[in-house]
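J.: Questions regarding the structure given below will be posed in turn.
Derivation of every value follows stated rules applied to the coordinates shown; laboratory data play no part. Please read all numbers here as calculations on a predicted model, not as lab measurements. FYI the Cβ positions are ideal-geometry reconstructions off the backbone, even for glycines, and counts take in every protein chain you see.
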């Protein structure tokens, strides 16, 4: 049973990987809101480069040089520079999105990602917060702000995800709870700032 639970918790953590979740979500939204391929492709390329490839390349370099122990950057002392790089890269990407005049939902998504990443980078200097929970909570909040409150049941996936992170001893209950709250609250405030309201 213990081996099964370890396998299950690993599978859930992998399935809800921040890299996988965000890239899938960003690609889908870029496609939905783009007028045509000429708008979709630049948005997709900039997003992949600044929101995924540059941070991912730094993390892979860290793994190769043993500066980072594992892909999810589990050790607090290793998290400082990866999350600073993520925040700076996301900021540059958001600025480019602005000048590319992408559709507002994509610009706001990139802005929310940047602000969340910056806050996580600051928190990480002192405390280990759950990135899995923050990102998934934020993505569900984006769904609700853009498409309606009927998507709220997706928040329920936070329960098995939180269990998996705690069971694997990657986080404490406080770290997963505050990760989920941060992703929700920051994303909600950013969308409200840009004039969005929760749709019924």
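J.: Percent of Cα-Cα pairs per 5 Å bin, from 0 to the last occupied bin, for the chain, please list those.
T.: Histogram of Cα-Cα distances, whole percents per bin: 1, 8, 15, 20, 21, 16, 11, 6, 2, 0, 0.
J.: How fast does segment 35-144 diffuse by Stokes-Einstein, in µm²/s, taking the Kirkwood radius from C-alpha pairs at 25 °C and 0.890 mPa s?
T.: After rounding, the answer is 168 µm²/s.
J.: Same structure, new question: Take the Cα coordinates of segment 128-190, assign each an equal point scatterer, and use the Debye formula without solvent to give log10 I(q)/I(0) at q = 0.20, 0.22 Å⁻¹.
T.: -0.68, -0.79
J.: Quick one: work out Rg over Rh on the C-alpha atoms of segment 86-158, Rh as Kirkwood radius.
T.: 1.02
J.: Remind me, relative contact order of segment 1-103 in percent, using alpha carbon pairs under 8 angstrom and six or more residues apart?
T.: Relative contact order comes out at 29 percent.
J.: Right, another one. As an exercise, find the ratio Rg/Rh for segment 20-79 from alpha-carbon atoms, using the Kirkwood inverse-distance average for Rh.
T.: 1.14
J.: Order the peptides 108-118, 180-190 from the highest to the lowest mean number of other Cβ atoms within 10 Å of their residues.
T.: My ranking of the peptides, most packed first, is 108-118, 180-190.
J.: Continuing with the same structure: Counting alpha carbon pairs within less than 8 Å and at least 6 residues apart, what relative contact order, in whole percent, applies to the chain?
T.: Reported relative contact order: 25 percent.
J.: What value, in deg cm²/dmol to 500, does the helix sum -39500 (n - 2.57) over DSSP H runs of n ≥ 4 give at 222 nm once divided by the residues of the chain?
T.: Rounded to the nearest 500, it is -23500 deg cm²/dmol.
J.: Further, regarding this structure: In a GNM of the chain with a 10 Å cut-off on Cα contacts, which of 87, 57, 134 has the highest mean-square fluctuation?
T.: It is 57.
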